[in-house]
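Step one of this worksheet: look at the structure below.
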Amino acid sequence: MTPADAYAELVRRSKELGVLNSCAAVLGWDQQTYMPPAGAALRGEQMAFLASLAHSKFTDPKVGELVAAVEGSDLIADPEGDAAANVRELRRAYDRATKLPPALVEELARVTTAAQQAWQEAKPKSDFAGFRPHLEKVIALKREEAAAVGFTGHPYNALLDEYEPGATAEELKGLFAGLTAELAPLVQEITARPNKPDRSLLERDYPVERQKVFAEAAAAAFGFDFHAGRLDTTAHPFCSGFGPGDCRITTRYNPRFFPEAFFGVLHETGHALYEQHLPAEHFGTPLGSACSLGIHESQSRLWENQVGRGRPFWDHFFPRLRQTFPAALAGVSPDAWVFAVNEVRPSFIRVEADEATYNLHIALRFELELGLISGDLPVADLPGAWNDRFKALLGLEVPDHARGCLQDIHWSFGGVGYFPTYTLGNLYAAQLMAAARRDLAGLDDDFRRGEFGRLREWLSRKVLMHGQRYRAGELCRRATGEAVSPRPFLGYVREKFVSLYDRGSAA
Ligand code: ZN
């Protein structure tokens with residue numbers, strides 16, 4: 001078999017797996033949206049069957065032979081060529097999948113299933129003691145996983161690699177240190193201002209049917225293609241890109257709190273635009289797949305926060321909003337509205353945190369995860385460490401574990417190394433937006449006219465169309481001219497929130 005034949009066969013197998021995984025994605029979407037409750041057991045069997053089929057196809061030794069045949073050939077002479085990028089990422093995934101002993105994979109599945117159950121019971125009761133033995137098992141297995149996968153530097157790097165290939169604990173420590181050193185005092189400075197937004201504006205009657213129409217209009221304005229996607233309702237909002245021509249987003253409506261569904265839709269629209277702009281011809285291969293979780297999150301945060309919570313966006317949309325909800329918004333000024341949707345207020349729950357305080361929640365989790373995985377922080381000491389660090393970063397006493405170390409689902413499913421991708425997303429979003437503003441003069445005027453095509457096209461060209469051709473760090477350097485840094489985000493927070501809080505809603 002020539003290297004060219006080996007590569008063609010590798011691509012064929014990869015695309016076949018892409019189709020198989022997209023079938024599982026359809027079932028997963030249906031499970032969260034329309035499946036009747038009694039279908040759960042069969043759905044579990046269907047999903048487990050597809051997952052094991054995909055795993056055995058991908059870990060077939062033949063795949064390893066094909067990867068090796070292409071690696072040893074001229075096909076990868078150009079490190080940015082199609083074959084080089086596809087083979088680099090298939091090698092990474094293949095090694096990861098084959099290095100994990102099947103017994104460890106099964107044990108992880110068993111322990112995390114029990115841990116999620118235990119977490120769901122422990123959280124409402126703030127019962128850390130009930131969750132602790134499960135978390136101890138999860139952490140022990142994640143350390144075994146890191147050892148099996150292999151790493152240089154911190155063992156955390158082996159876990160991070162699953163979500164953010166190429167990122168390291170050492171690099172992230174530097175990013176978080178630079179970020180929190182300025183962000184924590186900046187949040188204090190902003191919240192010490194006497195002006196406060198009137199958040200009651202957000203907690204009025206917003207009929208769900210009208211919320212849906214309004215959110216769909218904003219998603220369509222951003223460029224979500226409803227001919228190639230749908231918006232449905234779920235308990236836990238998500239975006240699932242099945243593949244070319246079909247991307248599903250979901251949201252959750254609260255008739256008495258406008259931001260929940262609306263900003264949720266803008267967020268998922270950002271994810272969806274990524275999926276809808278991946279190169280269809282590469283579907284199923286790394287070149288047709290998103291770069292990393294951090295880059296994926298940068299797209300959701302960019303559209304939700306950088307654009308959707310900005311004044312220019314509301315210059316266009318607020319008059320329409322007031323027409324849509326005349327009872328709730330009669331007499332409300334655009335200034336009061338923009339101030340209200342940008343309130344900065346330290347709070348206990350990460351998923352409810354505002355743009356400015358959010359990354360402090362992540363910095364806390366990142367530090368604690370490092371300690372849990374290195375063994376420096378025993379699970380028994382987690383609540384104390386959480387509460388101390390929370391107080392230092394956000395200035396609040398944690399009242400109970402439900403609002404402290406038991407609030408997130410991630411550790412119960414073994415998602416250690418996942419949290420930092422949220423902050424990377426915020427940093428990439430700010431850095432990309434700053435670069436887009438340098439490249440595209442008058443972007444805010446576009447937004448004031450309800451036009452987002454130039455920004456979308458820029459993002460597509462700089463980020464979306466590349467799939468996994470470059471690792472996230474390199475993609476960022478190419479798109480923005482610089483390595484990822486907390487500076488654009490800190491500059492954005494200072495400029496936006498200090499002026500909002502200085503001006504208040506008086507104008
Ligand atoms: Zn997201």
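The values are calculated or read from the model by the stated rules, or taken from the named source; none is laboratory data. Note that the structure is predicted; figures quoted are calculated from it, not measured. Cβ atoms come from the backbone with ideal geometry, glycine included; neighbour counts cover every protein chain shown. Surface areas here come from the heavy atoms of the whole protein model, side chains and all, with no ligands, DNA or RNA. Shrake-Rupley method; radii C 1.70, N 1.55, O 1.52, S 1.80 Å.
What length, rounded to one decimal in nm, is gained on full extension from Arg230 through to Asp376, with 0.36 nm per residue of separation minus their alpha-carbon distance?
48.0 nm
Label 7 Å along Cα→Cβ of Glu397; region 340-355 residues with amide nitrogen under 19 Å?
So the set is 346-349.
Given the convex hull over the Cα atoms of region 3-150, what projected area results after averaging over all orientations, in nm²?
Hull-based average projected area comes out at 11.4 nm².
Between rounded, prolate and oblate, where does region 270-428 land on the alpha carbon gyration tensor, with a ≥ b ≥ c its root eigenvalues, rounded for a/c under 1.5, else prolate if a/b exceeds b/c?
oblate
Each label point is 7 Å from the Cα along the Cα-to-Cβ direction; what then is the distance between the points at Asp445 and Asn21, in nm?
4.3
Can you give the accessible area per residue of region 405-507, in Å², using a 1.4 Å probe?
Normalised by residue count, the accessible surface of region 405-507 is 38 Å².
Can you give the % of DSSP beta bridges in the chain that are antiparallel, to the nearest 5?
Approximately 45 percent, going by the DSSP bridge assignments.
Let me have the 222 nm mean residue ellipticity of the chain computed from DSSP H runs of 4+ only, each contributing -39500 (n - 2.57), with the sum over all residues rounded to the nearest 500.
Computed ellipticity for the chain at 222 nm equals -20500 deg cm²/dmol.
Whole-Hz ³J(HN,Hα) for each residue in region 161-167, computed from phi via Karplus 6.51 cos²θ - 1.76 cosθ + 1.60 with θ = phi - 60°, x for glycine and proline: what do you get?
Karplus-based 3J(HN,Hα) across region 161-167 equals 4, 5, 9, 9, x, x, 6 Hz.
Using DSSP to call loops (not H, G, I, E or B), can you name the trypsin sites (Lys or Arg not before Pro) in region 418-498 whose Cβ has at most 12 other Cβ atoms within 10 angstrom?
When the trypsin sites (Lys or Arg not before Pro) of region 418-498 are filtered for loop state and at most 12 Cβ neighbours within 10 Å, Arg449 remain.
Please give the per residue volume of the convex hull enclosing the alpha carbon atoms of region 276-343, rounded to a whole number of Å³.
Taking only Cα atoms, region 276-343 has a hull volume of 122 Å³ per residue.
On a 1.4 Å probe surface of the protein chains, which of Tyr34, Tyr358 comes out largest in accessible area, and what is the full order?
So the residues, ranked largest to smallest area, are Tyr34, Tyr358.
Going from most exposed to least, what order do Met433, Met1, Met465, Met35 have by accessible area with a 1.4 Å probe?
Correct descending sequence by accessible area is Met1, Met465, Met35, Met433.
How large is the accessible surface of Cys23 in square angstrom, using a 1.4 angstrom probe and rounding to the nearest 10?
60
Can you tell me the dipole magnitude for region 3-150 around its Cα centre, using point charges on the Cβ only (Lys, Arg +1; Asp, Glu -1), in Debye to the nearest 20?
Magnitude of the dipole: close to 620 debye.
From the gyration tensor of the Cα coordinates in region 374-507, what semi-axes in whole Å does the equivalent ellipsoid have, largest first, with each one equal to sqrt(5λ)?
The three semi-axes for region 374-507 are 35, 23, 13 Å.
When the accessible area of the chain is computed with all protein chains present and a 1.4 Å probe, what percentage of it is carbon and sulfur?
54
What lysines does Lys142 reach when the alpha-carbon gap must be under 25 Å and sequence neighbours fewer than 8 apart in one chain are set aside?
Cα-Cα hits under 25 Å: Lys57, Lys99, Lys123, Lys173.
If the chain between Gln46 and Thr2 were fully stretched, how many nm would it gain, using 0.36 nm times the residue separation less the Cα-Cα distance?
This chain segment gains 12.1 nm when fully extended.
What distance in nm lies between label points placed 7 Å from Cα along the C-beta direction at Ser347 and Gln117?
Each label point lies 7 Å from its Cα, and together they span 3.3 nm.
What are the residues whose amide H is under 5 Å from the amide H of Gly229, where those residues sit 5 or more places off or on another chain and H is modelled from the backbone?
So Gly229 has HN proximity to Cys247.
With a ≥ b ≥ c taken as the square roots of the eigenvalues of the C-alpha gyration tensor of region 169-503, please select rounded if a/c is under 1.5 and otherwise prolate if a/b is larger than b/c or oblate if it is not?
Here region 169-503 falls in the rounded category.
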